[in-house]
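Engineer: For reference, the structure I am asking about is given below.
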Amino acid sequence: MTTAEPPLGKDLIGLEPLSREQILSILDTAEPFKEISERRIKKVPVLRGKTIVNLFFEPSTRTRVSFEFAEKRLSADTVNIAASGSSVSKGETLVDTARNLEAMRIDMVVIRHGASGAAGFLAERIPSNVINAGDGSHEHPTQGLLDLLTIRDHRGSIEGLKVCIVGDVLHSRVARSNIYGLLKLGAEVAVCGPPTLVPRSFAELGVSVFHRVEEAIEWADVLNVLRLQLERMQAGYVPSLREYNRIWGISTERLERAPRDILVLHPGPMNRGVEIDSDVADGPHSVILNQVTNGVAVRMAVLYLLAGGAPERAEAAKHGGEA
Ligand code: CP
């Protein structure tokens, strides 16, 4: 059940190098896989015999757990490695770590790393498939894909939608993956936030730039609200968290002034009361938990396609086939 040329190539490092057709093929492959997580026994033999290492050098809840569920629900054998409990903490390099794992005959590596480019660097040096689970401020492709799937679920199509990414765009790998994916699928994209976190240079990517959140809300069909990444900031990006919330925070009061029914996404983890108020996060505009649910199906699709599965065989595969 393999195609002559894998639809995604060897690795998934970002959405920037993918074509519109490749992105749509991942989203369409995720559709039939959604149902597996709703079953009483959430397991199909699609990746039976594959060994996958989840190598997380930075903290994660959603991405790490979601990859592990996706792998286990497709019957892969999985091993989780965190930097703190591994020989990385004794100074072993990324490549030495990966080559030692390769010596144990693995098939895929899912990697999260604080350095932009780490996933691509590894992909060029090992024969296993490499999936980027977030590298510095470069890309977080599976987050971008699950955001696209969630928007498509709720609005029918991405084409022609106006999507504004609000908040700490400067430090955000999620913003970059969203921008590349949304533009390829025909959305109009804007970014909004303080000039320190949303430099005008983002316009070079083909997006509009707003510095007033009221303007962004007036314009947008969809808001993707980003966390202030306090751990990546030196002092001085925002006057204070309270001021940030007052000027750029997404509140019910602001959404009620919008000319249309706005969909609100957030990749998590949220700083409630900073970039998003609790009544918005838990309210009728929010699809934040739908994003998390879709994350498992999107990651199943990526694993299946990188293993050589054909998009048109995904429906049959979930009823008992192997990739
Ligand atoms: N969205 C996201 O990447 O969340 P985690 O950091 O919890 O994985």
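The values are calculated or read from the model by the stated rules, or taken from the named source; none is laboratory data. Keep in mind the model is a prediction, meaning the values are calculated, not measured. Methodologically, a virtual Cβ is constructed for each residue, glycine included, from the backbone with ideal geometry; neighbour enumeration extends over all protein chains shown. Accessible surface areas use protein heavy atoms only, side chains included; no ligands, DNA or RNA. Shrake-Rupley method; radii C 1.70, N 1.55, O 1.52, S 1.80 Å.
Engineer: Full-extension gain between K72 and D153, please, as 0.36 nm times their residue separation minus the C-alpha to C-alpha distance.
Structural biologist: 26.7 nm
Engineer: Considering Cα pairs under 8 angstrom that are at least six residues apart, work out the relative contact order of the range 139-181 and quote it in whole percent. All intermediate terms of the calculation are to be shown ahead of the outcome.
Structural biologist: Values: 29 pairs, mean separation 28.6, N = 43.
It rounds to 66 percent for the range 139-181.
Engineer: About the Cα centre of the range 22-181, what is the dipole size in debye to 20, counting +1 per Lys and Arg Cβ and -1 per Asp and Glu Cβ, all else neutral?
Structural biologist: Numbers: 21 positive and 19 negative charges, 93 e Å.
Computed about the Cα centre, the dipole is about 440 debye.
Engineer: At what distance in nm do the modelled label points of E124 and N80 sit from each other, each positioned 7 Å from its Cα along Cα→Cβ?
Structural biologist: 3.2
Engineer: Any idea how far apart K10 and R40 come out in nm if each label point goes 7 Å out from Cα toward Cβ?
Structural biologist: 4.5
Engineer: If you place +1 on the Cβ of every Lys and Arg, -1 on the Cβ of every Asp and Glu, and leave all else neutral, what size is the dipole of the range 88-237 about its Cα centre, to the nearest 20 Debye?
Structural biologist: Numbers: 15 positive and 18 negative charges, 50 e Å.
The dipole of the range 88-237 has a size of about 240 debye.
Engineer: Another question about this same structure. Nearest 500 deg cm²/dmol is fine: what mean residue ellipticity at 222 nm does the chain get from its DSSP H runs of n ≥ 4 alone, each adding -39,500 (n - 2.57), divided by its residue count?
Structural biologist: Details: 12 runs with 115 residues, N = 323.
Roughly -10500 deg cm²/dmol at 222 nm, from the helical runs in the chain.
Engineer: Kindly count the pairs of lysines across the range 1-96 whose alpha carbons are less than 29 Å apart, treating pairs on different chains or eight or more residues apart as eligible.
Structural biologist: The number of close lysine pairs in the range 1-96 is 14.
Engineer: Straight-line reach from K162: which lysines fall under 16 Å, measuring Cα to Cα and dropping same-chain residues less than 8 apart?
Structural biologist: K184
Engineer: Calculate what fraction, in whole %, of the accessible area of the chain sits on carbon and sulfur atoms when a 1.4 Å probe is rolled over the protein chains. Walk me through the intermediate numbers first.
Structural biologist: Details: 6760 of 13370 Å².
That fraction is 51 percent.
Engineer: Let me ask another. Give the aspartates and glutamates reachable from K318 as a straight Cα distance under 20 Å; neighbours fewer than 8 places away on the same chain don't count.
Structural biologist: Straight-line reach from K318, under 20 Å: D28, E31, E35, E38, E68, E71, D77.
Engineer: Just the number please: accessible area per residue for the chain, 1.4 Å probe, all protein chains included, in Å².
Structural biologist: Working: 13370 Å² over 323 residues.
Counting only protein heavy atoms, the per-residue value for the chain is 41 Å².
Engineer: Which loop-located trypsin sites (Lys or Arg not before Pro) does the range 201-251 contain, where loop means any DSSP state but H, G, I, E or B and the Cβ has at most 15 other Cβ atoms within 10 Å?
Structural biologist: On the way: sites: R212, R227, R232, R242, R246; in loops: R212, R227.
Here the sparse-neighbourhood loop sites are R212.
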